[in-house]
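Undergrad: So that we are looking at the same thing, I have put the structure below in structure tokens.
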Amino acid sequence: MKKFLSFSLAAVMICVFAMSPIIQVKAAEQNEAVVKSEAEDFVSEAEEQEPVENNESEVTEGENEGEEPEQEPEGSEEEKPESENKPELTYRVHVQSIGWQEECKEGEMAGTSGQSLRLEAMEIHLNNISEEQGTIEYTTHVQTYGWKDFVSNGEVSGTTGESKRLEAMKIRLTGQLAEEYDIYYRVHIQTYGWLDWACNGASAGSAGMGKRLEAMEIRLVKKGEDAPGSTDKPFMHYQVGYQTHSQYYGWQKQVYDDEVAGVVGEKKRLEAIKIVLPEQEYEGDIQYRVYLQTYGWQDWKKNGELAGLTGEGKRIEAIEIQLTGEMAEYYDVYYSVHMAKIGWCNYALNGETTGSMNLSKQIEAVKICLVKKGEEAPETEGRKFVEGYATQDFYYAGYIQDTGESGNVAQGEILGTVGQKKRLENIVLYLDRDSENKPEGSIRYATHLSGLGWQDEVEMGTISGSQDGSHGIEAIRISLSGDISRYYDVYYRTHVAKYGWLGWAKNGQDAGTTKNGYRMEAIQIKLVSKDAAAPGSNSNYYTEKKYRRYQNPGQYYQIQDSITLSGGGYTLSYGYEGVKVMKVIQKLGLGSGIGMGGAIYGHDVENAVARFQRKNGLSETGNVDLLTWLRLGFDELQWEQWGAYVSPIRVNDESTRSDHIEAMIDTAYSYLGTPYVIGASGPVGTGVDCSGLVMQGLYAAGMDISPINPVRHAQPGYEYESRNMWASSQFMHVSYAERQRGDLIFYQNSSGVVIHVAIYLGNDQVIESWPNEVVVWPIKNGSRSNIKGVVRPFV
């Protein structure tokens, strides 16, 4: 019976240790009770049975004849190997506002959930082990401090009394324990909740994200057995961090993992950058270099070193980023830049160049991310780098009158001659694209030839102009097409006979002159990045006006080549004034018509004209039409001319400002002694009033100030054209103290209303028409001294 019981107990123990891991754990905890219970059952059964033991003994003896009986090991019921006793795992945490919590057993949650309270420290105990078996070690990632040193069984990791959050943890076993068990642990973190299980020293939680640990669980698992749950994502951290220095803003906050660093939409350049790997899984560096305005490519930087410059206002134009070591074996680095006037480029990869060179184009922002090899990656197809054209890539040539072929001229240089009066007869443009990184496209151009006009547009490499020497170029237009037009403007300016260099035209604008026969003598052409400064003002690059050595600024009355006036054949009726009215008054014996009120077509004139018409068999209207005018003894030329007289121009296109002033004054002097006739601006000797004299002086200097003119001046209500002259915005007003020869002096009445105008001669003398004739007088005298102000007709 004793031998049978011993054999049965041994079998029970073997069965226990062959059970599944979970049952095995429970068996280990209850082993002694189970063995005693089984033994009692077997004894009870043996007493109730009859001769089983004898039969069994006989069989046993027969089967094992000659063998020694098995001996039961001493102590087999009470002693087991020490490694078979599972260690006891407990832990506790220090929680914000609570302090140290009660100790938790394996698999229980330590901390809080849903209360937003941070873990600040922790202790882990591993009992029921000997020193020879090993121990448990752990560390925590603490706010501000980062990873702390590993501590072991029962020691505190973290801080208390400093209000510092735990952000991550690592736990590991040592010695024989590490060979027999895996230690699993998971954490509940701010925002994300429970993460997956970490194991054997791997990180659990987060780093660099500012997220607190709020709770944790730990489990000890026999080697080879399943993990407590998913192990996919136990730890959260940024893979790559980067910080940029932007124009105006300076250093901005560090961003991570494909976030935008820099400024978009404000045209602010990127000036410097730092890149780091916050939590590396593998050995290696992140390296980067930038192409910097003025300096070109800088040396490679790594792991948070500064690439670029601060304080010098230099833009980053291109960048390259790469990983080294094990990091490069497991990860790819992708990066995209936001370029001025282009926007976001597609991603570059592992050291590729992105951005631009030789385009003066600034990078304004950047995005960077790491992707594990084989995982889904950002789009890399399409343009991510643009290389600008070098000076020698664009050039042109042409044919010069009496000289011949010019040979190739690099962009920006002068094609043609200056000061030799030789016309440019044809031109051809070339662009060499020797790299696929340079923008594709073409240059198109057309020329305006003397006597022929605009020619058809041609592509680069084709001659435009005259090839037989019979015509010269007078104007040109040049434009870009294709992708090159996204990155460049084409600027060009011409040197034209009489005018010299005109302003810079661009992108298809006409440059030069037409309608005047002025030859183009030279040209400059430049390809200019849309991000670079223009070579000059984009204005005054084309004209159809005849050249003048002097001209007023555009906002003022312009000098004309010729001035004509129509409408002088108006019928005289009630209220009209002027030379024609004066002549009718004199003819009908109604007076001289000279002086302030002398040439007004009043009722007395109407009645006299009616009597004349009745007497001469004409329609009795009281108005003077052409037929009545002729019957009065005047001719048709006088009918038109005395109504719309314009003094001959005394200047030309070579006249200076001084020449124009003297032409006005000389004409005014020719009127000395001419009668003062109200509303009149007639030929010398007929009659003028003050504003009529000024009109004729301006006409002689090439200036037409219509609608202020002799035709309107004679009409009712326009006798004071001096007021309209003063009010015109096309005259430049100056102070009385600044008066110069050739200025107009305006006088006012006691109410401040303009009543008179005179031409200033200098030395406080004026020439004017004042009742009853044109005279030279002091600027102030007893007749008029209340000056309203000064106008400068020739600026």
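The values are calculated or read from the model by the stated rules, or taken from the named source; none is laboratory data. Here the structure is a predicted model, which is why all the values come from computation and not from measurement. Here Cβ is always computed from backbone atoms with ideal geometry, including for glycine, and neighbour counts include all displayed protein chains. These accessible areas exclude ligands, DNA and RNA; they are computed on the full protein's heavy atoms, side chains included. Shrake-Rupley method; radii C 1.70, N 1.55, O 1.52, S 1.80 Å.
Undergrad: How large, in percent, is the carbon and sulfur part of the accessible surface of segment 264-303 at a probe radius of 1.4 Å?
TA: 36
Undergrad: At 1.4 Å probe size, with the rest of the protein present, what percent of the exposed accessible area of segment 100-162 is carbon and sulfur atoms?
TA: That fraction is 39 percent.
Undergrad: Something else: What FRET efficiency comes out for the pair SER562/ALA534, r = Cβ-Cβ distance, R0 = 41 Å, nearest 0.05?
TA: 0.65
Undergrad: Within the accessible area of segment 667-795, what % is carbon and sulfur when the probe is 1.4 Å and the other protein chains stay in place?
TA: The C+S portion of the solvent-accessible surface of segment 667-795 is 47 percent.
Undergrad: If R₀ is 30 angstrom, what is the calculated FRET efficiency for the pair ALA397 and TYR295, using the beta carbon separation as r and rounding to 0.05?
TA: 0.30
Undergrad: Quick one: accessible surface of TYR330, probe radius 1.4 Å, all protein chains present, in square angstrom to the nearest 10.
TA: 100
Undergrad: Can you tally the net charge around ALA532? Count Lys and Arg as +1, Asp and Glu as -1, for every other residue whose Cβ sits under 12 Å from the Cβ of ALA532.
TA: Local net charge: +2.
Undergrad: Taking only protein heavy atoms into account and a 1.4 Å probe, give the accessible area per residue of the chain in Å².
TA: So the chain comes to 47 Å² accessible per residue, rounded to a whole number.
Undergrad: Two decimals, Cα atoms only, Kirkwood Rh: what is Rg/Rh over segment 454-604?
TA: In segment 454-604, Rg relative to Rh is 1.34.
Undergrad: Something else: Let a ≥ b ≥ c be the square roots of the eigenvalues of the Cα gyration tensor of segment 135-204; is it rounded (a/c under 1.5), or, if not, prolate (a/b larger than b/c) or oblate?
TA: Oblate shape, in that a/c is at least 1.5 and b/c is the bigger or equal ratio.
Undergrad: Quick one: if the Förster radius is 45 Å, what FRET efficiency do THR380 and PHE150 give, using the C-beta to C-beta distance and rounding to 0.05?
TA: Calculated value: 0.60.
Undergrad: Additional query: Compute the normalised compactness of segment 135-291: alpha-carbon radius of gyration over 2.2 N^0.38 Å, N being the residue count.
TA: My calculation over the Cα atoms of segment 135-291 gives 1.28.
Undergrad: Any chance you could give the angle, 0 to 90 degrees and rounded to 10, that helix 52-63 forms with the longest Cα principal axis of the chain?
TA: Helix 52-63 and the main axis of the chain meet at about 90 degrees.
Undergrad: Loop-only GluC sites (Glu not before Pro) in segment 354-391, please: DSSP not H, G, I, E or B, and at most 10 other Cβ atoms within 10 Å.
TA: Sites meeting the loop and neighbour criteria: GLU375, GLU376, GLU379, GLU381.
Undergrad: Describe numerically, in nm with one decimal, the distance between label points set 7 Å from Cα along Cα→Cβ at ASP764 and at TYR192.
TA: Computed distance between label sites ASP764 and TYR192 equals 9.3 nm.
Undergrad: Still on this structure, please answer the following. Nearest 500 deg cm²/dmol is fine: what mean residue ellipticity at 222 nm does the chain get from its DSSP H runs of n ≥ 4 alone, each adding -39,500 (n - 2.57), divided by its residue count?
TA: Helix-only estimate at 222 nm: -5500 deg cm²/dmol.
Undergrad: Right, here's the next one. Using 0.36 nm times the number of residues separating THR174 and ASP432, minus their current alpha carbon distance, what extension gain do you get?
TA: Stretched fully, the THR174-ASP432 segment lengthens by 85.9 nm.
Undergrad: In angstroms, what radius of gyration and Dmax does the chain have, counting Cα atoms only?
TA: Values for the chain (Cα only, Rg and Dmax): 53.0, 185 Å.
Undergrad: Once each part is reduced to its C-alpha centroid, what is the distance from segment 87-135 to segment 727-795 in angstrom?
TA: If we compute the Cα centre of each part, the gap is 103 Å.
Undergrad: Taking the 0 to 90 degree range and rounding to the nearest ten, how far is the long axis of helix 2-17 tilted relative to the main principal axis of the chain, both from C-alpha atoms?
TA: Tilt relative to the chain: about 0 degrees.
Undergrad: Scan around PHE385 for amide H atoms under 5 Å from its own, H built in the peptide plane at 1.01 Å from N, and keep only partners 5 or more places away or cross-chain.
TA: Close amide H contacts, sequence-distant or interchain: GLY355.
Undergrad: Sticking with this one: Let me see the P(r) profile for segment 399-475: every Cα-Cα distance counted, bins of 5 Å, each bin given as a percent of all pairs.
TA: 3, 15, 22, 24, 17, 9, 5, 3, 1
Undergrad: Right, something else. What does the convex hull of the alpha-carbon atoms of segment 84-163 project to on average, in nm²?
TA: Result: 6.1 nm².
Undergrad: Within segment 277-337, which GluC sites (Glu not before Pro) sit in a loop by DSSP and count at most 11 neighbouring Cβ atoms inside 10 Å?
TA: Counting only loop positions with at most 11 other Cβ atoms within 10 Å, the GluC sites (Glu not before Pro) in segment 277-337 are GLU283.
Undergrad: How long are the three semi-axes of the equivalent ellipsoid for segment 519-575, computed from the Cα gyration tensor as the root of 5 times each eigenvalue, in whole Å, largest first?
TA: Whole-Å semi-axes of the equivalent ellipsoid: 44, 15, 10.
Undergrad: Separate question: Could you state, as a whole-number percent, how many of the C-alpha pairs of segment 483-561 are farther apart than 22 Å?
TA: Here the tail beyond 22 Å accounts for 32 percent of pairs.
Undergrad: Among residues other than SER116 whose Cβ falls under 13 Å from its Cβ, what is the net charge (Lys/Arg +1, Asp/Glu -1)?
TA: +3
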